[in-house]
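The values are calculated or read from the model by the stated rules, or taken from the named source; none is laboratory data. Small disclaimer: the values here were computed from a predicted structure and weren't measured. All Cβ positions, even for glycine, are placed from backbone atoms using ideal geometry, and neighbour counts span all protein chains on display.
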Amino acid sequence: MNKVEENRAAQYLVFQLGENSFGVDILRVKEILQFSGCTTVPRTPDYIRGVVNLRGNVLPVVDLLCLFQGTPADATRKSCVIIVEIQIQGDRAEAGILVDSVEQVLDMAPDMIEPAPNFGSGVPTNFISGMARFENRFVILLDLDLVLAPEEMRTFSPRSNG
């Protein structure tokens, strides 16, 4: 990344997940769908909500609340599936993330974004690309490639530790 890109504002799609606000780089967002259910797949972890058919493509849907906290999200009329582009082992892929609601798109200057906090060696924060200050609150900026990497999802899942 060159100096011009480092000093440019970036846009993030901000969404609600439980009591927290999260953001993802808008360039990774392909589409936002109102959640109307999905097809469950047997023997998948609880955080895999199922699959959806998007114009002939079968895409997995990850319940981020369940992935992060172990509790499946209650779907409401505000629930959305954000279709995102990720890199898995060097290959481009698309997946859906189930969120409580989509809030807005924010322009964030580099000086609004702080590094992820360090909670010690026992608490992984590598999936957080930064913490953005906005209107007296924090927006947790996610690194989608790390959040949705199969090996990383196992580290989040409470059931994988036992």
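So, in the range 60-72, of the ones that are touching a residue at least 40 places away in the same chain (Cβ under 8 Å) and touching a Ser or Thr at 6+ places or on another chain (Cβ under 9 Å), which residue ends up nearest to GLN16 (Cα to Cα)?
Within the range 60-72, the match that is nearest to GLN16 (Cα to Cα) is LEU65.
Within the range 141-149, does at least one residue satisfy the condition of being surrounded by 15 or more Cβ atoms within 10 Å (Cβ to Cβ), assigned to a strand (DSSP E or B) and either β-branched (Val, Ile, Thr) or in contact with a helix residue (DSSP H, G or I) (Cβ under 8 Å, 6 or more places away or on another chain) (or both)?
no
If you go through the range 56-65 one residue at a time, how many are within 17 Å of PHE35 (Cβ to Cβ) and either under 12 Å from the mean Cα position of the chain (by Cα) or surrounded by fewer than 16 Cβ atoms within 10 Å (Cβ to Cβ) (or both)?
Initially, the range 56-65 is screened for residues within 17 Å of PHE35 (Cβ to Cβ), giving 58-65.
Among the residues that remain, those that are also either under 12 Å from the mean Cα position of the chain (by Cα) or surrounded by fewer than 16 Cβ atoms within 10 Å (Cβ to Cβ) (or both) are: 58, 61-65.
Matching residues across the range 56-65 total 6.
Of all residues in the range 91-140 being β-branched (Val, Ile, Thr) and either surrounded by fewer than 16 Cβ atoms within 10 Å (Cβ to Cβ) or without any contact (Cβ under 8 Å) to a residue 12 or more places away in the chain (or both), which is farthest from GLY37 (Cα to Cα)?
Step by step, filter the range 91-140, then rank; the result is VAL123.
When you scan the range 51-58, do you find a residue that is closer than 24 Å to GLY130 by Cα and either at pLDDT 90 or above or of a type in the set (Gly, Ala, Ser) (or both), even just one? Outline the logic, then answer.
Restricting attention to the range 51-58, the residues satisfying the condition of being closer than 24 Å to GLY130 by Cα are none.
Taking every residue of the range 51-58 in turn, none turns out to be closer than 24 Å to GLY130 by Cα and either at pLDDT 90 or above or of a type in the set (Gly, Ala, Ser) (or both).
Sort out which residues of the range 42-55 are surrounded by 14 or more Cβ atoms within 10 Å (Cβ to Cβ) and out of contact with any Lys or Arg (no Cβ under 8 Å at 6 or more places or on another chain), and write them in order of number.
TYR47, ILE48, ARG49, GLY50, VAL51, VAL52, LEU54
When the range 33-58 is examined, which residues are found to be more than 20 Å from ARG77 (Cβ to Cβ) and of a type in the set (Gly, Ala, Ser)?
Hit for the range 33-58 is GLY56, nothing else.
Which condition breaks for GLY37 when tested against (1) at pLDDT 95 or above; (2) not in a strand (DSSP E or B)?
So the condition that GLY37 fails would be (1).
Check VAL62, VAL84, VAL52 and return the single one that is in a strand (DSSP E or B) and more than 15 Å from VAL147 (Cα to Cα).
Criteria check complete, one pass: VAL52.
Only one of (1) among the acidic types (Asp, Glu); (2) closer than 23 Å to MET131 by Cα; (3) modelled with pLDDT of 95 or more fails for GLU19. Which number is that?
The number of the failed condition is (3).
Check ASP74, ASP107 and return the single one that is at pLDDT below 95 and outside any strand (DSSP E or B). Give the steps one after another, and end with the answer.
On the way: ASP107 fails: outside any strand (DSSP E or B).
It is ASP74.
Would you mind telling me which numbered condition in (1) assigned to a strand (DSSP E or B); (2) among the basic types (Lys, Arg); (3) at pLDDT 95 or above ARG92 fails?
It fails just one condition, (3).
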